[in-house]
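Below is one structure; the comments refer to it alone.
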Amino acid sequence: MSRRAPKLEVKELCASYGGRIILKDVSFHVDRGEIVAVIGPTGSGKSTLLRAVNRMHELSAGATVSGRVLLDGADVYSPDTDPTELRRRVGIVLERPIALPGLSIQRDVLAGYALTRTLPRAPEEVAETVLRRVGLWEEVKDRLSTPSVGLDDGQIQRLAIARALALRPSVLLLDEPSQSLDPSGTAHVEELLNELRSQTTVMLVTANLQQAARVADSVVFLEQGHVVEHARAAKIFTNPEDPRTEDFITGRFRTTA
Amino acid sequence: MATRHTDSFYENELERLRDRVLFMGAKAEEIARRSLAALAARDAELARRAISLDPEVDRLEVEIDELALAVLARRQPVASDLRFVASVLKMVTDLERIGDLGVNIGERAAELALHPQLPEQADVVELGEAVMLMLHEALDAFVHADEARARAVLEKDEAIDETFSRIFQNLVRTMIARPDSVDRATRLQSLARYLERIADHATNVAERVVFMVRGKDVRHSNRG
Amino acid sequence: MSSETKLGRRRVSLGWLPHVVGVGALFVVLAPALSLVATLLQRVRLDSAVLRALGEAVVGSLILVSLGLSLAVPLGIAAGVHVATHPRTRLAKLASVAIDILSGVPSIVVGVVAYALVVLPTGRFSVPAGAVALALVAFPEVARSTTDLVASVPTPVVDTALSLGVSSWRVTTFLLLRARGAALVASLAAVACRSLGEVAPLLFTTASGAAFDGSLGAPMSSLAVEAFLSVHTPDGGARAATLSLFLVAATMTIALLVRRRAPRSA
């Protein structure tokens, strides 16, 4: 399988947790090298969707998944696929990221290698490259051997992205990547996503509609585990088809009883 | 949309914008109406009073532009809201032109009041009434976001063009037949042209309304 | 001078308590030393026999505890990790029950069990028997601590490690060593200290014997046992105090060594 940006297809994906259905028949596709933003109210299943793509959802006790997720036509849920190996190709930045305890900044960024006792060819270079890409290099270059737990929230957020990038994944999943960032940090991350185009297929969960509008090629609107609408970004933000999408993005919320 | 914006301040801002546009439209319409009345009544004074309403229309254009920009900057509107604000920005240009054209009509009406009336003047007045109706319908369509009404306005434009053409040709014949009528005839021709242009602007407004409601751009597609 | 601490959200004044506790601990430690000094002052005769016996007890303790821990620690960590990471398997459930039962059993009963398991079949008291007995006592503690430590790692940390495409067992290893390494060492040290002080299990298995003559198939003395047995000897009190002194010294050394490493996670 090519390591370059694959085409990502989600087909009739269903997921539940503890008996409660979270995703129901979710289907959409992302062209290679494109960015899809997943938007929707809290609890609509966006994070679960992300975790189902890299087969992390099934690790939770009481979690079930069915359906298919195809990368360049190959189903990640087929019995031949090794989930651990999959997660090296499909990187993820979780919501509320953390610094790994007991590691220096340098080792934390390269944790994907350190934990598996492998090393890239030029570790310092790899670390510097990814730290520069997330706009963190200048802030940490003089203290690379200090513990990563000493960084502040915004730095940890960028570190987590760098950590995922260090493994050079062909697919990148991001869950609220700008949550802890100031406008400058956000701009860096969005610039980074733009740079990743064509090399990486990106799936981005964000509550920030403007970010979705700025960065995404296409947008999926998820509500209560269903795909309400999937369209090009420009279309969805100027003239969505579904009135539920229209209501959500313009700020017309129904109060739920 | 049945529901309102959860943020009521935002809802109010959009309401206010709609309000101001309607007000500006009504004012521009009034200038044209009064000028046409002045033409029919051959009352120069009435014409002058109509013309005096124009500065208000210009002022409203500036006010609405500022309001719309503020909404864009602060609210980053999307989807229907975005189409609404974008339409407003375009429409005020048309409305301001309508105001100016109303002034022009008033000026011609004041001039024509001093001389005996040509028979074609009645036709022009009738054209004027049809155009006023169109304009009124277009503004109504905007206020009620009524696509059907807007499309009805688009239908009428062709008829107006034909009527204007006919009147223009008649006046040419009159000018050839009676050289002393040239002065009055040319003024009537200008006046009729102003009306035809008001109709065009009213059509623009209607096209914006269709875009606003449906998200479909119908410009340049319904002109023959 | 008083000191303060945070109890939940409030600052609580502990008054003189820390100082009292510190002095008390010091006293406990110094008492044997003082009694030794008193003994020496009373009886100048510290002959070679006494010293030799002392030496044997020290060596015996070291050997028995090392062997016992080398059995209990790997098994205990493995069991603890398994119960924590795969709680639903049959093995985990069985192990969990076994650990709970074992940890509740009085150490003398453990000694009897080891007697039945090793001494009776082999026909004599020996070092392996003692090691088995100590291991049986230490194993549940090690397993329990390990389970608690593994379970105490916050989910985001586990998730992050897994998300990097690291296999489950490597993640567990990393978390145990890096994230909870200091705590693990501390709990192992505590187990070691407890083992040094065990008497009952050893009574039935290694009893008392000469360590310097060296065979593992023979009884071996240990500090705690000797202290216990010295009750019936003429200068019992002094002997017991001396042996206790060495025990305390050993445990304090372990505690101090572990403490050096602890502040890593501060």
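Summary of values
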{"read-out": "Enumeration of residues in the range A:233-257 that are of a type in the set (A, V, I, L, M, F, W, C), part of a loop (DSSP other than H, G, I, E, B) and either touching a Pro at 6+ places or on another chain (Cβ under 9 Å) or within 13 Å of chain B (Cβ to nearest Cβ) (or both)", "value": "A:F253"}
{"read-out": "Residue within the range A:150-166 that is without any contact (Cβ under 8 Å) to a residue 40 or more places away in the chain and within 14 Å of chain B (Cβ to nearest Cβ) present", "value": "no"}
{"read-out": "Residue under evaluation C:R10, criteria (1) modelled with pLDDT under 70; (2) surrounded by fewer than 10 Cβ atoms within 10 Å (Cβ to Cβ), criterion not met", "value": "(1)"}
{"read-out": "Residues of the range C:122-160 that turn out to be away from every other protein chain (no Cβ under 14 Å) and outside any helix (DSSP H, G or I), as a count", "value": "4"}
{"read-out": "Output for the range C:131-165, where each listed residue is among the acidic types (D, E) and over 30 Å from C:A116 (Cβ atoms)", "value": "C:D148, C:D159"}
{"read-out": "Of all residues in the range C:161-204 being part of a helix (DSSP H, G or I) and of a type in the set (S, T, Y), the one that is modelled with the highest pLDDT", "value": "C:S163"}
{"read-out": "Among (1) buried (at least 16 other Cβ atoms within 10 Å of the Cβ); (2) within 20 Å of B:M212 (Cα to Cα), the one test that B:V57 misses", "value": "(2)"}
{"read-out": "Options A:L119, A:L174, A:L136, A:L131: the member that is in contact with a Phe, Trp or Tyr (Cβ under 8 Å, 6 or more places away or on another chain), buried (at least 24 other Cβ atoms within 10 Å of the Cβ) and more than 11 Å from chain C (Cβ to nearest Cβ)", "value": "A:L131"}
{"read-out": "Flag if A:R88 is surrounded by fewer than 16 Cβ atoms within 10 Å (Cβ to Cβ), at the interface with chain C (Cβ under 8 Å from one of its Cβ atoms) and under 20 Å from the mean Cα position of the chain (by Cα)", "value": "no"}
{"read-out": "Candidate set from the range B:91-117 (those that are in a helix (DSSP H, G or I) and polar (S, T, N, Q)); member that is surrounded by the most Cβ atoms within 10 Å (Cβ to Cβ)", "value": "B:N104"}
{"read-out": "Top-ranked residue in the range B:4-24 [being among the polar types (S, T, N, Q) and surrounded by fewer than 14 Cβ atoms within 10 Å (Cβ to Cβ); ranked as farthest from B:L135 (Cα to Cα)]", "value": "B:S8"}
{"read-out": "Qualifying residue in the range B:37-50 (condition: in a helix (DSSP H, G or I), more than 14 Å from chain A (Cβ to nearest Cβ), charged (D, E, K, R) and over 22 Å from the mean Cα position of the chain (by Cα))", "value": "yes"}
{"read-out": "The range A:75-116: number of residues that are under 17 Å from A:P6 (Cα atoms) and touching a Phe, Trp or Tyr at 6+ places or on another chain (Cβ under 8 Å)", "value": "0"}
{"read-out": "Positions within the range A:42-63 being of a type outside the set (D, E, K, R) and either modelled with pLDDT of 95 or more or surrounded by 15 or more Cβ atoms within 10 Å (Cβ to Cβ) (or both), in sequence order", "value": "A:S44, A:G45, A:S47, A:T48, A:L49, A:L50, A:A52, A:V53, A:N54, A:M56, A:H57, A:A63"}
{"read-out": "Residue in the range A:13-20 that is at pLDDT below 95, loosely packed, with under 15 Cβ neighbours inside 10 Å and assigned to a loop (DSSP other than H, G, I, E, B) present", "value": "yes"}
{"read-out": "Qualifying positions in the range C:153-168 - of a type in the set (G, A, S) and under 13 Å from A:A99 (Cβ atoms)", "value": "C:A161"}
{"read-out": "Residue list for the range A:53-84, filter: over 25 Å from C:R88 (Cα atoms) and within 9 Å of chain C (Cβ to nearest Cβ)", "value": "none"}
{"read-out": "Selection count where residues are closer than 19 Å to A:G91 by Cβ and part of a loop (DSSP other than H, G, I, E, B), scope the range A:141-167", "value": "2"}
{"read-out": "Hey, A:A207 in a loop (DSSP other than H, G, I, E, B), within 30 Å of B:K216 (Cα to Cα), more than 10 Å from chain B (Cβ to nearest Cβ) and among the small types (G, A, S) or not", "value": "yes"}
{"read-out": "Criterion (of a type in the set (A, V, I, L, M, F, W, C), in contact (Cβ under 8 Å) with a residue 24 or more places away in the chain and within 14 Å of chain A (Cβ to nearest Cβ)) met by exactly one of C:A84, C:A95, C:A53", "value": "C:A84"}
{"read-out": "Residue in the range B:58-73 that is touching a Gly at 6+ places or on another chain (Cβ under 9 Å), away from chain A (no Cβ under 14 Å) and within 24 Å of B:A130 (Cβ to Cβ) present", "value": "no"}
{"read-out": "Test: B:V88 is within 14 Å of chain A (Cβ to nearest Cβ) and assigned to a helix (DSSP H, G or I)", "value": "no"}
{"read-out": "Cross-chain or 6+ apart pairs with Cβ under 8 Å, the range A:9-22 first and within 15 Å of A:V76 (Cα to Cα), then basic (K, R) and in a strand (DSSP E or B)", "value": "A:E9/A:R68; A:V10/A:R68; A:K11/A:R68; A:E12/A:R68; A:L13/A:R68; A:C14/A:K24"}
{"read-out": "Filter pass, A:V109 being farther than 20 Å from A:V38 by Cβ, of a type in the set (A, V, I, L, M, F, W, C) and at pLDDT 90 or above", "value": "yes"}
{"read-out": "Filter result for A:D175 (among the acidic types (D, E) and under 27 Å from C:S167 (Cα atoms))", "value": "yes"}
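Each row is one residue, and each column tells you yes or no for (1) over 27 Å from A:R4 (Cα atoms); (2) of a type outside the set (K, R); (3) part of a helix (DSSP H, G or I).
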{"position": "A:L172", "(1), (2), (3)": "no, yes, no"}
{"position": "A:L181", "(1), (2), (3)": "yes, yes, no"}
{"position": "A:S198", "(1), (2), (3)": "no, yes, no"}
{"position": "A:M203", "(1), (2), (3)": "no, yes, no"}
{"position": "A:A213", "(1), (2), (3)": "no, yes, yes"}
{"position": "A:A231", "(1), (2), (3)": "no, yes, no"}
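The values are calculated or read from the model by the stated rules, or taken from the named source; none is laboratory data. Because the structure is a prediction, the values reported are computed rather than measured. Here the Cβ is made from the backbone with ideal geometry for all residues, glycine too, and neighbour counts use every protein chain on show.
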